[in-house]
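These notes concern the structure reproduced below.
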Amino acid sequence: MSHPVTATETTTEETPSVTSATRYKIKSGLILTRPPLLTREPTPFEAAFYLYQKRLNERLAVPFRREFYFRTDTAADLDWRLKLRERHGVPAKDIGRYNPRGRVAWNDEVLVGSETGMTADIVESLLKDAEVRISEDGEEIVDDERVPVERPMPRRTEADEKGDARRLDRALDQTLYLVVKKGEGEAATWQFPAGDVPTQEVLHETAARVLAESAGVNMNTWVVGRVPVAHYVTEPIFAEGEDAATAPKRRGEKIFFLKGRIMAGQADLTGNKHGLTDYQWLTKDEIKRVLPWDYYRSVRNMMADR
């Protein structure tokens, strides 16, 4: 038998007050990144391990057959044999003095502090081997007449040497993040581009629009996904003696950050709509020294270690 529900048994959902919806402004921001363009330098342990792998491969692989690659007594063959003698009979160019077929083939590790296998040593070995030592008529070319081999570009660029944080061609082995400066003087703050989310937009649309309004349209960028990767909250400020049930003196902010990539172009703050006065492309370690600590802490977990 069912019982009628009395007034005391009825439940009602508590509706939020009007002021609770106006305590915070919802914003969307974009953490725009330039990915690393170079692999990082290996540590001494990594370099020693890679060298060990190469030497082990020399021991296990089929011996190098010169006749398969070079016609006997041609300039290329003579050039190869000359360089092979200088490497003490080792076909590989970047494993140092090591004989994988000899009695001490088991001794394939390097001593602590050895430069063998390090990046600089490998580069010099490959450059030396790339020099043409034998002329077309089979004569050895003297040092003064050898054509120098073009060296690779240095890992540190002009922007690195000058400390120019506005350029993208710096810190090539690390991720760079676009941060912008809002305001002037002591009141200025560094932050990621962000702006209010209007009713007719969703987060990723606002993020793309704000980036264009902040840093110009001369960048080819891509918003990675439509889900925020981090968020930052500032609490509202109430007038003295007022409580949370009243309208705040200053509204708080909830900023939802999306991730983006830059593929070409450069930032340009000319005529921006957000009062921005400067910009920089910074690494994670550099950002830590520029952003307010609470702000940085809210986004650090989505930032790559390099």
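Within the stretch 77-89, being free of Cβ contacts under 8 Å to residues at least 24 places away in the same chain and not aromatic (Phe, Trp, Tyr) holds for Asp77, Arg81, Leu84, Arg85, Glu86, Arg87, His88, Gly89. When Val210 is tested against (1) surrounded by fewer than 16 Cβ atoms within 10 Å (Cβ to Cβ); (2) closer than 14 Å to Lys273 by Cβ, only condition (1) is not met.
Highlighted here are the strands (runs of 3 or more DSSP E) found entirely within the stretch 198-306 that include at least 2 residues which are among the charged types (D, E, K, R) and within 22 Å of the chain's Cα centre (by Cα): 252-265.
Suppose we keep only residues that are free of Cβ contacts under 8 Å to residues at least 24 places away in the same chain and assigned to a helix (DSSP H, G or I) within the stretch 47-65. Which one would you say is farthest from the chain's Cα centre (by Cα)?
Filtering the stretch 47-65 for residues that are free of Cβ contacts under 8 Å to residues at least 24 places away in the same chain and assigned to a helix (DSSP H, G or I), the one farthest from the chain's Cα centre (by Cα) comes out as Leu60.
The set of residues in the stretch 91-136 that are open to solvent by 80 Å² or more (accessible area, probe 1.4 Å), more than 26 Å from Thr72 (Cα to Cα) and not in a loop (DSSP other than H, G, I, E, B) contains only Glu124. Considering the conditions (1) of a type in the set (Asp, Glu); (2) in the same structural domain as His274 (by TED's automatic domain parsing); (3) surrounded by 13 or more Cβ atoms within 10 Å (Cβ to Cβ), Glu186 is excluded by exactly one of them, (3). Looking across the stretch 144-155 at every residue that is touching a residue at least 12 places away in the same chain (Cβ under 8 Å) and open to solvent by 60 Å² or more (accessible area, probe 1.4 Å), the one that is farthest from His274 (Cα to Cα) is identified as Val147. All of Thr199, Thr221 fail the test of being assigned by TED's automatic domain parsing to the domain that holds Lys284 and under 26 Å from Ala304 (Cα atoms), apart from Thr221.
The values are calculated or read from the model by the stated rules, or taken from the named source; none is laboratory data. This one's a predicted model, so the numbers in the text were calculated from it and none came from an experiment. Using ideal geometry, Cβ is built from the backbone for each residue, glycine included, and neighbour counts are taken over all protein chains shown. Areas reflect the complete protein model, heavy atoms only, side chains present, ligands, DNA and RNA absent. Shrake-Rupley method; radii C 1.70, N 1.55, O 1.52, S 1.80 Å.
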